[in-house]
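See below for the structure under consideration.
The values are calculated or read from the model by the stated rules, or taken from the named source; none is laboratory data. Everything numeric in this text was worked out from a predicted model, so none of it was measured. Here the Cβ is made from the backbone with ideal geometry for all residues, glycine too, and neighbour counts use every protein chain on show.
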Amino acid sequence: MNQAEPAPAERVPTRDTPKRARRVRENPTPKAGRNLPAAIGVGLSMLLAVLGGLLFLPLGFVLLTTAFAVLGVWEVFRALEAQGTRMPIIPVMIGSLVMPVSAYFGGLEGLLFTMTASSVAVLLWRSIESAAGAPRSVFAGVFTLAWIPFLISFAALPLHATGGATPIGFWPNGIPDGAWQIASMLLLVVSNDTFGYIVGASFGKHPMAPKISPKKSWEGFAGSVGGAMVIGVLACIFLLDKPWWVGLILAVGMVAAATAGDLAESMVKRELGVKDMSSILPGHGGVMDRLDSIVFAAPVAYVLFALLSGV
């Protein structure tokens, strides 16, 4: 009777192990699972493009915001379609194209009107098709409109409120307060991601929501709050001309909103069974993987700045 051969012992890399074999065993990705050089390069390029348009070419900023909204909607459409839900993409896309522009030229009233009209268009469009799956399709369309183009359009509202609706070209009377408010909001969202990533990857041990986003930790959240407070205070002193303590309020509000947006998108992705919405942005995933924080932060920033306008 033949005896089974003993399993080979697990080989532990030593000095005699070839360098190539040791490299194979090394984990090429950091703890948080990102391609860090690609993520930094893409993130900085996007931030510079957005801030450049915001501060020097307002309509360009609005058009860039519209492009992000359209790409985000397209990613959600494809993810839903893969799960058997086909939302009315044509009226949703038209609404996504119009909402940021209507917020810039028409203010809050224009944005609300466009959101309502787009929702009605989704319902009417779906009513002329077959009844099978209609409620799910309509809900998906209205949900996507409210989640992406409607919320992100709040980033354009301060431009209308403070010297806005400049049709083309540079700001004629200098950069208005609304543009600095949006710039501060974007810097706070970036600081939330950056400091949360650094602290979470280095010290994160206690997950915030393990069933939704296992890599997001309370340590990373604390790092986000601390880093955003520093950026918020500096923004109030050098950009917003407000008391330093206003920066603390803005920081806490932005970190809370950005974290909620990140967790909300994680829930959607888990429901759809996808890791990233797409792979269009190296090191980041899809456009929605970058917009998830901003779509929640933009309306919160708009409200906070309105409440703090007299400070």
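Can we say Gly72 is modelled with pLDDT under 90, touching a helix residue (DSSP H, G or I) at 6+ places or on another chain (Cβ under 6 Å), in a helix (DSSP H, G or I) and not assigned by TED's automatic domain parsing to the domain that holds Pro176? Criteria not met by Gly72. The sole residue among Ala209, Ala260, Ala235 that is in contact (Cβ under 8 Å) with a residue 12 or more places away in the chain and either within 16 Å of Ala183 (Cα to Cα) or buried (at least 22 other Cβ atoms within 10 Å of the Cβ) (or both) is Ala235. For the stretch 145-158, the condition holds for at least one residue, the condition being that it is assigned to a helix (DSSP H, G or I), within 19 Å of the chain's Cα centre (by Cα) and free of Cβ contacts under 8 Å to residues at least 40 places away in the same chain. Checking each residue of the stretch 26-35 against the condition of being assigned to a helix (DSSP H, G or I), modelled with pLDDT under 80 and not assigned by TED's automatic domain parsing to the domain that holds Val98 gives no match. Total residues in the stretch 124-142 satisfying the condition of being surrounded by fewer than 16 Cβ atoms within 10 Å (Cβ to Cβ) and assigned to a helix (DSSP H, G or I): the figure is 6.
Of the residues examined, Gly52 is not one that is at pLDDT 85 or above and either surrounded by fewer than 20 Cβ atoms within 10 Å (Cβ to Cβ) or within 20 Å of Val274 (Cα to Cα) (or both). Taken over the stretch 64-82, the residue count meeting the criterion of being within 19 Å of Val101 (Cα to Cα) and either of a type in the set (Val, Ile, Thr) or in contact (Cβ under 8 Å) with a residue 24 or more places away in the chain (or both) is 8. Look through the stretch 88-120, keep the residues that are over 23 Å from the mean Cα position of the chain (by Cα) and of a type in the set (Phe, Trp, Tyr), and return whichever of them is nearest to Leu64 (Cα to Cα). Result: Phe105.
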